[in-house]
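Trainee: First, the structure itself, so that you have it in front of you.
The values are calculated or read from the model by the stated rules, or taken from the named source; none is laboratory data. Bear in mind that the values here come from a model prediction, so they are computed numbers and not experimental data. Counting neighbours? That spans all protein chains shown, and the Cβs are built from the backbone with ideal geometry, glycine included. Please note that ligands, DNA and RNA were not included when accessible areas were found on the heavy atoms of the full protein model with its side chains. Shrake-Rupley method; radii C 1.70, N 1.55, O 1.52, S 1.80 Å.
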Amino acid sequence: MTLTEENYLKAIFHLSTEKQDVSVLDLANSLEIKMPTVNSMVKKLAAKGLLIYEKYRPLSLTESGRLEAGVIIRKHRLVEMFLVEKMGFQWDEVHEIAEQIEHIDSSVFFDRINELLNHPKFDPHGSPIPDPEGRIASTEYLKLNDGQIGKEYIFTSVAISQSSFLKQINKHGLRLGDKLKIIEILSFDKSIVVSINGQSTENLSGMVAGNILVSE
């Protein structure tokens, strides 16, 4: 596949995890590409058996399309882990670099990275790393802003890995594995007051809390 085709498959995959129905307009907005160009590409992917496309109906990846997207995501997440674990990058510095390296067409290269990392199951942001065939283990995480007041949760992952969001997480002093207890949810703006590991408290905006994924 071309680099562009890979980016389309990955974008559709990620959008499908965020919402039930993914439209061509959703895809165009996500990729910041004009609708006629997107329409042309989704038809091409459908012709290759990677995508189910019907006019005016939601897009959905075929099983082959999901596995192809999973392989691309595997490369991306392995690279992010390598950059953090072996090269000393911070978790908010690796996404854009991985976006470039993920398109290298060499399974041996990524298998070697996997071996050097001792076969990690998760990337630096807590997201599961797909297996070599592109299968992704299911995870049951809860958005922090869907949690209950007075209950403690473990900070397990983030819903997005953009640098600006991760830097905001850093400012709050949060790290994966932290125990977050919801002290208060403010009705005005849905911001959340949490205690971190029973020591300090932080006020998180509703948008930040909505992208923090936790487990019980």
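Trainee: Take the eigenvalues of the Cα gyration tensor for the chain, scale each by 5, and report the square roots as semi-axes in whole Å, largest first.
Mentor: In descending order, the three semi-axes are 32, 23, 14 Å.
Trainee: Roughly how much of residue 200 is accessible, in Å² to the nearest 10, using a 1.4 Å probe?
Mentor: 50 Å²
Trainee: Using a 1.4 angstrom probe on the protein heavy atoms only, could you order 24, 108 from most to least accessible area?
Mentor: Ranked from most to least accessible, the order is 108, 24.
Trainee: Let me spell out the model: positive unit charges on the Cβ of Lys and Arg, negative unit charges on the Cβ of Asp and Glu, origin at the Cα centre of region 94-158. What dipole size does that give, in debye rounded to 20?
Mentor: For this selection, approximately 300 debye.
Trainee: Can you work out the FRET efficiency for the pair residue 203 and residue 135, with r the C-beta to C-beta distance and R0 = 35 Å, to the nearest 0.05?
Mentor: Here the calculated transfer efficiency is 0.35.
Trainee: Just to verify a number: what accessible area does residue 164 come out at with the full protein assembly present, 1.4 Å probe, Å² rounded to tens?
Mentor: Rounded to the nearest 10, the figure is 90 Å².
Trainee: Compute the distance from the alpha-carbon center of region 86-103 to that of region 159-176, in whole Å.
Mentor: Between the Cα centres of region 86-103 and region 159-176 lies a distance of 15 Å.
Trainee: Identify, among 52, 205, 82, the residue whose Cα sits farthest towards the positive end of the charge dipole of the chain, taking +1 on the Cβ of Lys and Arg and -1 on the Cβ of Asp and Glu, with the dipole about the Cα centre.
Mentor: Result: 52, furthest along the dipole toward the positive end.
Trainee: Positive end of the dipole of the chain, charges at C-beta (+1 Lys, Arg; -1 Asp, Glu), about the Cα centre: which of 214, 91, 25 has its Cα farthest in that direction?
Mentor: Checking the options against the dipole of the chain, the answer is 25.
Trainee: Could I ask something else about it? Relative contact order for region 3-61: what percent, with Cα pairs under 8 Å and sequence separation of 6 or more?
Mentor: 36 percent.
Trainee: With the cut-off at 19 Å, report for region 1-53 the share of all Cα pairs above it, as a whole percent.
Mentor: Considering region 1-53, 15 percent of its Cα-Cα pairs are separated by more than 19 Å.
Trainee: Still on this structure, I have one more. What would the Debye formula give as log10 I(q)/I(0) at q = 0.19, 0.20 Å⁻¹ for the alpha-carbon point model of region 121-216, no solvent?
Mentor: -0.86, -0.94
Trainee: Another one. Residue 189: accessible area at probe 1.4 Å, nearest 10 Å²?
Mentor: 80 Å²
Trainee: When the helix-only estimate is applied to the chain (DSSP H runs of n ≥ 4, each -39,500 (n - 2.57), divided by the residue count), what is the mean residue ellipticity at 222 nm, nearest 500 deg cm²/dmol?
Mentor: Computed ellipticity for the chain at 222 nm equals -13000 deg cm²/dmol.
Trainee: Sticking with this one: Please compute the per residue accessible area over the chain with all protein chains in place, 1.4 Å probe, rounded to a whole number of Å².
Mentor: Here the per-residue accessible area is 56 Å².
Trainee: Another one. Hey, any idea what % of region 72-138's accessible area is carbon plus sulfur with a 1.4 Å probe?
Mentor: Result for region 72-138: 51 percent of the exposed heavy-atom area is carbon or sulfur.
Trainee: Report Rg/Rh for region 41-93, rounded to two decimals, where Rg is the Cα radius of gyration and Rh the Kirkwood radius.
Mentor: My calculation of the ratio gives 1.23.
Trainee: Dipole of the chain, Cα-centred, from +1 at each Lys and Arg C-beta and -1 at each Asp and Glu C-beta, to the nearest 20 debye?
Mentor: 280 debye
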